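Working notes, structure below.
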Amino acid sequence: MSLPDRCRTALPLAAVAAALLLGGCTVRPLYSDSSIETGAIAGASTGQRQIYVEEVRTRYGQDLRNNLIFLLNGGAGQPAEPRYRMVLNAAVNVTDEAAVSVVNENRATAALLQMTADYVLTDTGTGEVVAKGARSVTASFDHPAQEFANMRARRDAEDRAARELAEMLRLDVAQRLSKG
């Protein structure tokens, strides 16, 4: 058998093998609304728009909640008839870090703010826990000598951490909803 004859027989076999391998592929976009086949689980985007986020009590927790609601629903607010309810808890821990001071003050001039959030997502129809998880984010800020500037720097760090943590929570929820 010559080389062209071998190619003629190997080429159809390779095409059939490739078709079989690619036929088992179920990769799809995370935020897709359409399903791959009949009966497949819908994309995470549809599920995210059906999440009601419960109230929180702290200022930074409310900022996190507002950012998360905006991201989940594309700016449309809370759903009227939610399929899921999310209980969200947020905490902040501030650690003084660097003592880089020009004068003889023995105080830290920089700090790290760590915001941690955990959530529980339940199905409103069955009361079953669909997903739960926790994420944390760290934001740094300076400790200026002026008290108001110091308070403002901390609040800015809380706001930055809340925005970033909301992104992380949205992605975590999307991944869990897409898995079914």
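Going residue by residue through the stretch 39-51, is there one that turns out to be over 21 Å from the mean Cα position of the chain (by Cα), farther than 30 Å from R152 by Cα, at pLDDT below 85 and not in a helix (DSSP H, G or I)? Within the stretch 39-51, one or more residues are over 21 Å from the mean Cα position of the chain (by Cα), farther than 30 Å from R152 by Cα, at pLDDT below 85 and not in a helix (DSSP H, G or I). Among the residues of the stretch 159-169, the ones that are surrounded by fewer than 22 Cβ atoms within 10 Å (Cβ to Cβ) and out of contact with any strand residue (DSSP E or B) (no Cβ under 8 Å at 6 or more places or on another chain) come to 3 in all. Among residues of the stretch 52-83 being hydrophobic (A, V, I, L, M, F, W, C) and outside any helix (DSSP H, G or I), the one that is modelled with the lowest pLDDT is A76.
Counting the residues of the stretch 91-115 that are at pLDDT below 65 and among the acidic types (D, E) gives 1.
Would you confirm whether or not the stretch 141-162 contains a residue that is of a type in the set (A, V, I, L, M), assigned to a helix (DSSP H, G or I) and closer than 17 Å to M86 by Cα?
Within the stretch 141-162, one or more residues are of a type in the set (A, V, I, L, M), assigned to a helix (DSSP H, G or I) and closer than 17 Å to M86 by Cα.
Yes or no, residue by residue, for (1) exposed (fewer than 14 other Cβ atoms within 10 Å of the Cβ); (2) touching a Lys or Arg at 6+ places or on another chain (Cβ under 8 Å); (3) free of Cβ contacts under 8 Å to residues at least 40 places away in the same chain; (4) not aromatic (F, W, Y):
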| residue | (1), (2), (3), (4) |
| --- | --- |
| T122 | no, yes, yes, yes |
| V130 | no, yes, no, yes |
| V137 | no, no, yes, yes |
| P144 | yes, no, yes, yes |
| E147 | yes, no, yes, yes |
| A157 | no, no, no, yes |
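Taken over the stretch 136-149, the criterion of being touching a strand residue (DSSP E or B) at 6+ places or on another chain (Cβ under 8 Å) and at pLDDT below 90 is satisfied by D142, H143.
The values are calculated or read from the model by the stated rules, or taken from the named source; none is laboratory data. Keep in mind the model is a prediction, meaning the values are calculated, not measured. So basically every Cβ, Gly included, is an ideal-geometry build from the backbone, and we count neighbours across all protein chains shown.
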